[in-house]
Amino acid sequence: MPLPVLLLLALLALSPPAPARAQPFPFVHPGILLDTPAIHATRADLARQEPVKTAALAAMRAHRLASLEHIAQPHAAVICGPFDKPSIGCRQERDDAKAAYTHALLWAYLQEPAHADKAIAIMDQWAGTLVDGHQDSNAPLQAAWAAQLWTRAAELMRHTSDRWPADHARHFGQWLLTQYLPDIERMGPCPGGNWFASGIEARMNIGVYTDRHDLYEQARAQWQQRLPTYVYLSADGATPQPRPGCGTPLDRLWFGQTVMADGLAEETCRDLEHTAYGLAGYLNAAETDRIQGGNLFALGAERLTRAMEFHTRLMRDGQVPDWLCRGKLVSSMAGTLELGYQHYAVRAKTSLPATAAWLGGQRPSRGDFHFLWETLTHGAPLAQ
């Protein structure tokens with residue numbers, strides 16, 4: 001990366017958090033992860049049969065989540081313990097939220113009413129059934145995962161179609177505030193860092209959907225506070241920045257890793273799958289913030305680009321040094337980083353060679369949980 005770019009990123013990383021904007025300000029709708037220009041750009045790519053987007057759409061349409069025969073399975077209460085033990089409604093809620101988002105995307109890109117009606121039906125069924133929220137130890141994470149997706153689907157259906165009755169759309173917002181937000185707020189200071197990333201994105205999305213500026217600004221402030229505790233930079237000193245309110249020793253939070261490097265994440269030595277959950281949450285929230293006129297991408301530029309390059313270089317090369325995670329990395333980050341690449345490499349013109357090379361071997365990506373269908377929604381031309 002050219003020296004002036006590195007210098008700029010360093011200055012941005014050292015700059016104080018941006019103050020909350022004067023309120024109220026008008027939210028952009030649709031404005032959760034996707035806005036109207038982004039939707040139109042992908043439609044144009046599909047219309048001219050751009051190969052990457054066309055392949056991504058074909059992969060989506062072939063997946064079970066895109067089936068018009070999908071049957072929602074709502075529960076009155078969702079009870080989730082560690083590793084889904086117990087699991088009462090957990091998988092069903094996640095699958096239905098993913099299906100609603102998938103059908104909402106198909107509506108947005110193809111304008112086929114059947115997909116709009118399927119997304120709406122799934123959301124209405126859950127909003128009319130879930131009344132006792134989320135329970136057991138994984139309740140905050142489960143609530144965040146589902147809310148990250150419900151809000152995207154709801155935002156698209158409410159603001160790109162006239163097929164969802166206005167009173168149903170309003171009720172859905174109140175349902176998110178009563179059945180999801182309180183469970184997300186119960187997240188303590190010490191669970192895995194990916195929990196916080198999902199909670200931040202979910203809270204921001206709920207804020208946008210319900211036009212709650214207080215929730216949105218709270219999420220922005222938490223993003224700025226928590227990202228520096230999740231991704232290490234040498235400017236932090238010999239050890240990572242500690243999590244506020246959590247007394248757990250840093251070596252335990254970082255899974256025994258005591259040798260630091262720029263871009264290393266708190267959960268790298270846990271496994272790359274959980275690291276993907278965390279980075280995707282921060283990147284998703286930054287994209288929504290960008291749409292709403294914010295600057296989180298700029299404030300987190302050095303940490304996020306270093307993290308992307310650090311992890312993709314390791315996955316691309318397959319070489320893990322002895323000092324890192326005892327010489328072994330587990331699982332993969334497949335399915336994400338498209339959104340981060342689009343912003344930093346395409347919009348901000350930052351060189352990300354390892355990320356480009358790795359993404360080139362992953363497309364079209366499907367992803368999971370809160371990073372779904374990123375090649376279709378945010379895939380960008382890769383630097384050669």
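The values are calculated or read from the model by the stated rules, or taken from the named source; none is laboratory data. Everything numeric here is computed off the predicted structure, so don't read it as measured data. All Cβ positions, even for glycine, are placed from backbone atoms using ideal geometry, and neighbour counts span all protein chains on display. Surface areas here come from the heavy atoms of the whole protein model, side chains and all, with no ligands, DNA or RNA. Shrake-Rupley method; radii C 1.70, N 1.55, O 1.52, S 1.80 Å.
Roughly how tilted is helix 3-14, in degrees to the nearest 10 and between 0 and 90, from the longest Cα axis of the chain?
The angle comes out at about 70 degrees.
Of all the accessible heavy-atom surface of segment 230-301, with the other protein chains kept in place and a 1.4 Å probe, what percent is carbon and sulfur?
50 percent
By how many degrees, 0 to 90 and rounded to 10, does the Cα axis of helix 139-160 deviate from the longest principal axis of the chain?
That works out to roughly 60 degrees.
Around Asn284, what is the net charge, scoring Lys/Arg as +1 and Asp/Glu as -1 over all other residues with Cβ under 15 Å from its Cβ?
-2
Taking only the alpha carbons of the chain, what extent do you get along each of the three principal axes, in Å, biggest first?
Over the chain, Cα extents along the principal axes are 55, 49, 43 Å.
With the contact rule set at Cα under 8 Å and sequence spacing of 6 or more, what percent relative contact order holds for segment 172-242?
Relative contact order for segment 172-242 comes out at 23 percent.
Suppose every Lys and Arg Cβ carries +1 and every Asp and Glu Cβ carries -1, with no other charges. What dipole size does the chain come out with about its Cα centre, to the nearest 20 debye?
With only Lys, Arg, Asp and Glu charged at Cβ, the dipole is about 540 debye.
If I ignore ligands, DNA and RNA and count only protein heavy atoms, how much of Phe25 is accessible to a 1.4 Å probe, in Å² to the nearest 10?
Accessible area of Phe25: about 30 Å².
Over segment 37-161, consider all pairs of different Cα atoms and compute the Kirkwood hydrodynamic radius from their mean reciprocal separation; express it in Å, one decimal.
Value: 15.2 Å, from the Cα pair sum.
Helix-only mean residue ellipticity at 222 nm, the chain, DSSP H runs n ≥ 4 weighted -39,500 (n - 2.57), per residue, nearest 500. What is it?
Estimated from H runs of four or more residues: -17000 deg cm²/dmol.
Determine the relative contact order of the chain: mean sequence separation of Cα pairs under 8 Å and six or more apart, normalised by residue count, in whole percent.
Value for the chain: 18 percent.
Run the 1.4 Å probe and let me know the accessible area of Arg64, rounded to the nearest 10 Å².
Solvent-accessible area, nearest 10 Å²: 140 Å².
So, by mean Cβ neighbours within 10 angstrom, what's the order for 136-144, 87-95, 114-122 with the highest one leading?
The most tightly packed comes first, giving 136-144, 114-122, 87-95.
Could you work out the local net charge near Ile200, counting Lys and Arg as +1, Asp and Glu as -1, over the other residues with Cβ closer than 14 Å to its Cβ?
-1
Compute the accessible area per residue over segment 250-312, keeping the other protein chains in place, probe 1.4 Å, unit Å².
Per-residue accessible area for segment 250-312 comes out at 24 Å².
Have a look at the DSSP beta bridges in the chain and tell me what percent are antiparallel, nearest 5.
Bridges in the chain are about 75 percent antiparallel.
In whole Hz, what ³J(HN,Hα) sequence does segment 248-257 give by Karplus (6.51, -1.76, 1.60; θ = phi - 60°), x for Gly and Pro?
Result, ordered by residue: 5, x, 4, 5, 6, 4, 9, 6, x, 7 Hz.
Quick check of the Kirkwood formula: for segment 174-314, what is the inverse mean of 1/r over all pairs of different Cα atoms, in Å?
Mean inverse Cα-Cα distance, inverted, gives 15.4 Å.
With the contact rule set at Cα under 8 Å and sequence spacing of 6 or more, what percent relative contact order holds for segment 224-317?
Normalised by residue count, the contact order of segment 224-317 is 30 percent.
How large is the accessible surface of Val330 in square angstrom, using a 1.4 angstrom probe and rounding to the nearest 10?
Using a 1.4 Å probe on the heavy atoms, I get roughly 70 Å².
Can you list the lysines whose alpha carbon is less than 24 Å from that of Lys98, not counting same-chain residues fewer than 8 positions off?
Leaving aside lysines fewer than 8 places away in the same chain, those within reach of Lys98 are Lys53, Lys85, Lys118.
Enter the angle in degrees (range 0 to 90, nearest 10) between the Cα long axis of helix 301-317 and the first principal axis of the Cα atoms of the chain, meaning the one along which they spread out most.
For 301-317 against the chain, the angle is about 80 degrees.
Mind computing the radius of gyration and Dmax over the alpha-carbon atoms of segment 145-246? Å is fine for both.
Cα only, segment 145-246: 16.1, 56 Å (Rg, Dmax).
Please compute the length gained on full extension between Asn295 and Asp162, using 0.36 nm multiplied by the number of residues separating them and subtracting their Cα-Cα distance.
44.7 nm
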